[in-house]
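Here is the structure we will look at.
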Amino acid sequence: MTACPDCDRALNTLLEQVKQGRQLDIFLQSAKNDDAIRDWAKSHAIPAQQVRAHNITLNHDKGKLALISQFTGQVPYVAVKLGTNRYQQISLP
C-alpha cells in the first residue's frame, strides 16, 4: 500500500480518541485483500483487542470515500457519521 504521512498523523490522533470511547471505521483504498489489511493494521499498531471489540473496523474502501465525499475527498478524509450514508467532514486538531 502507498505510504501516506498525513494519514499516519491522522490515525495517531484518531487512535487516541478510540481510547476515550469513540469508534473508528478505517477504509483502505489500495488493499488487495484481507491479508493486506491485517498486515497494514499490524504495521500501524492497530490494537487487535479494539478490532475484536468492534471499536475499530478495518474495511476495503470499495468506493466509500467517493460516496461520502461526493467525489471531492482526498486522503486522509475524516468524517463523522450522522446517519445512514450521511457524513460530515471534520478537521483534526
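A few comments on the model shown:
- Filtering Q88, Q74, Q49, Q70 for residues that are touching a strand residue (DSSP E or B) at 6+ places or on another chain (Cβ under 9 Å) and of a type in the set (S, T, N, Q) leaves a single hit, Q88.
- The residues of region 69-93 that are in contact with a helix residue (DSSP H, G or I) (Cβ under 8 Å, 6 or more places away or on another chain) and assigned to a loop (DSSP other than H, G, I, E, B), listed by number, are G73, V75, P76, Y77, V78, N85, L92, P93.
- Residue pairs whose Cβ atoms lie under 8 Å apart, sitting 6 or more positions apart in sequence or on different chains, and linking a residue in region 15-26 that is assigned to a strand (DSSP E or B) to a partner that is of a type in the set (S, T, Y) and open to solvent by less than 50 Å² (accessible area, probe 1.4 Å), are L24/T57; D25/T57; I26/T57.
- Within region 26-61, if we keep just the residues that are open to solvent by 90 Å² or more (accessible area, probe 1.4 Å) and touching a helix residue (DSSP H, G or I) at 6+ places or on another chain (Cβ under 9 Å), the residue that is modelled with the lowest pLDDT turns out to be Q29.
The values are calculated or read from the model by the stated rules, or taken from the named source; none is laboratory data. All of these numbers come straight from a predicted model, not from anything done at the bench. FYI the Cβ positions are ideal-geometry reconstructions off the backbone, even for glycines, and counts take in every protein chain you see. Areas reflect the complete protein model, heavy atoms only, side chains present, ligands, DNA and RNA absent. Shrake-Rupley method; radii C 1.70, N 1.55, O 1.52, S 1.80 Å.
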